[in-house]
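What follows is one structure encoded as structure tokens, with my remarks underneath.
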Amino acid sequence: MHEFALAQGILEDAVEQAESHGAGRITKIEIGVGQLSMVSIEQLRFALDSLKEDTMANDAEIVIEEMPVEISCEKGHGSKVKLDEPLFLSLQKIICPSCGEKAEVTGGRQCYIKNITIEEERECM
Amino acid sequence: MHVIGIERDVLEVNKKIAERNKAYFRDKKILAVNLMGAIGSGKTAMIEALSKKMQGLRLAAIAGDVVSDLDANRLKKLNIPVVGVNTGKECHLDAHLVEHALAKLPIDDIDVLFIENVGNLICPVDFDLGAQLNVTIVSVSEGDDTVEKHPMIFLFSDAVVVNKTDIAEAVEADPEKMIDDARKINGKIKTFMTSIKKDEGIDAFASWLKDERQKG
């Protein structure tokens, strides 16, 4: 349960970026959460909705996308795949989509802000 | 209205400090072991047991707990340097808390540093501490489907220790299944079965840690 701390970090980053671009308010925050991160998307959304109230993002639409798992096979092909639930089973049979060889997880644990959409100060008036 | 591309990971700050910790451990020739596991899996007891098997090495510990200094006080009885870290509301240690704790340790007099994480099989996975080894202890009393239920922590661990094997029969758990499950999702994971009460398997675990320290 570290979604509130992450949400706090996301909002601080978003507001800092928005202010540096002369924004009056943030209308949308787009976030990517890796499928292998332990972040619960629903809890993150709840945390962002609760914390955004007193910020310039108070009306912002929150869009959170689950990002695929990055894999690499023995032949060195890298690709991105969505794993089926339960993960315990799908993690045992990760196959490279290019060559069909067994592949290993190389990424998919991120939690990051992709984009923010802002309105500049004069647009808000 | 316009869109600003940010592409910044909110966990990046933690990752950067973790890398700094890792470089520091390497520089000081310390083997740091991030000891993860559920509440009651035997993390503190394992450090106590290992301390008897690793004499000749200078041990130290960072004991993470949400509140209280019970674990830290237990470990202090081993006569090793111990720093207790209270995470407050957080369910895991992070690299920043570890970095702060390091400042309170006699860093030039440590060979192996045990970092006992907060009892939790979920959140610590997201927070690299910079330790060279990530070890997860799971006790049979948690149920032999625990690895299945929490695959991620085992996917990203260097070793799994299935603990309390002496009571496996009483709690109707199959320790072999737990080891197999961990291997199924992580072909590289080192596996150990231990009973601290009966002093079984601790030697093997301790000697692996000693080997890993030799590798540097």
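Taking each DSSP H run with n ≥ 4 as -39500 (n - 2.57) and averaging over every residue of chain A yields -8500 deg cm²/dmol at 222 nm.
When DSSP beta bridges are restricted to pairs lying wholly in region B:97-216, around 10% turn out antiparallel. Over chain B, dividing the summed -39,500 (n - 2.57) contributions of all DSSP H runs of at least 4 residues by the number of residues returns a 222 nm mean residue ellipticity of -10000 deg cm²/dmol. Going by neighbour counts of Cβ atoms within 10 Å, the residues B:His92, B:His100 line up, fewest first, as B:His100, B:His92. So, in Å, what gap is there between the alpha-carbon centers of region B:1-80 and region B:175-193? Spelled out, the Cα-based centre of one part sits 23 Å from the other. For region B:98-216, averaging the sequence separation of C-alpha pairs within contact (under 8 Å, six or more residues apart) and dividing by the residue count gives a relative contact order of 21 percent.
Sorted fewest first by neighbouring Cβ atoms within 10 angstrom, B:Thr194, A:Thr106, A:Thr55 come out as A:Thr106, A:Thr55, B:Thr194. Among the residues of A:109-117, the average count of other protein chain beta-carbon atoms within 10 Å of the residue beta-carbon is 6. What the pair-distance distribution of region A:81-125 shows, using all Cα-Cα distances binned every 5 Å from zero, is 5, 15, 17, 15, 9, 8, 7, 6, 6, 7, 5, 1 percent. Its alpha carbons give the protein assembly as shown an Rg and a Dmax of 21.9, 74 Å.
Among the aspartates and glutamates, which fall within straight-line cross-link reach of A:Lys82, defined as a Cα-Cα distance under 15 Å, with same-chain neighbours fewer than 8 residues apart omitted? Output for A:Lys82: A:Glu65, A:Glu66, A:Glu70, A:Glu104.
Which percent, to the nearest 5, of DSSP beta bridges fully inside chain A are antiparallel? Each step should come with its number before you reach the end.
On the way: 18 of 25 bridges.
That works out to approximately 70 percent antiparallel.
Among the listed pairs B:Lys43/B:Lys198; B:Lys22/B:Lys184; A:Lys93/A:Lys114; A:Lys80/A:Lys114, those whose Cα-Cα separation exceeds 26 Å are B:Lys22/B:Lys184; A:Lys93/A:Lys114. P(r) of region B:27-81 in 5 Å steps, Cα pairs, percent per bin? With 5 Å bins starting at 0, P(r) equals 4, 16, 30, 28, 14, 6, 1. Relative to the globular-protein estimate of 2.2 N^0.38 Å, the Cα radius of gyration of chain B stands at 1.02. The shape of chain A comes out prolate: with a ≥ b ≥ c from the C-alpha gyration tensor, a/c is at least 1.5 and a/b beats b/c. Cα centroids of region B:138-167 and region A:65-125: how far apart, whole angstrom? If we compute the Cα centre of each part, the gap is 26 Å. For region B:138-216, the C-alpha radius of gyration sits at 1.09 times the compact-globule guess of 2.2 N^0.38 Å, with N the residue count.
Remark: B:Met1, B:Met36, B:Met54, A:Met38 ranked as B:Met1, B:Met54, A:Met38, B:Met36, counting other beta-carbon atoms within 10 Å and listing the fewest first.
Only the coordinates and a few stated rules stand behind these numbers; no lab work does. As the structure is a computational prediction, the values presented were derived from the model and not from experiment. Cβ atoms come from the backbone with ideal geometry, glycine included; neighbour counts cover every protein chain shown.
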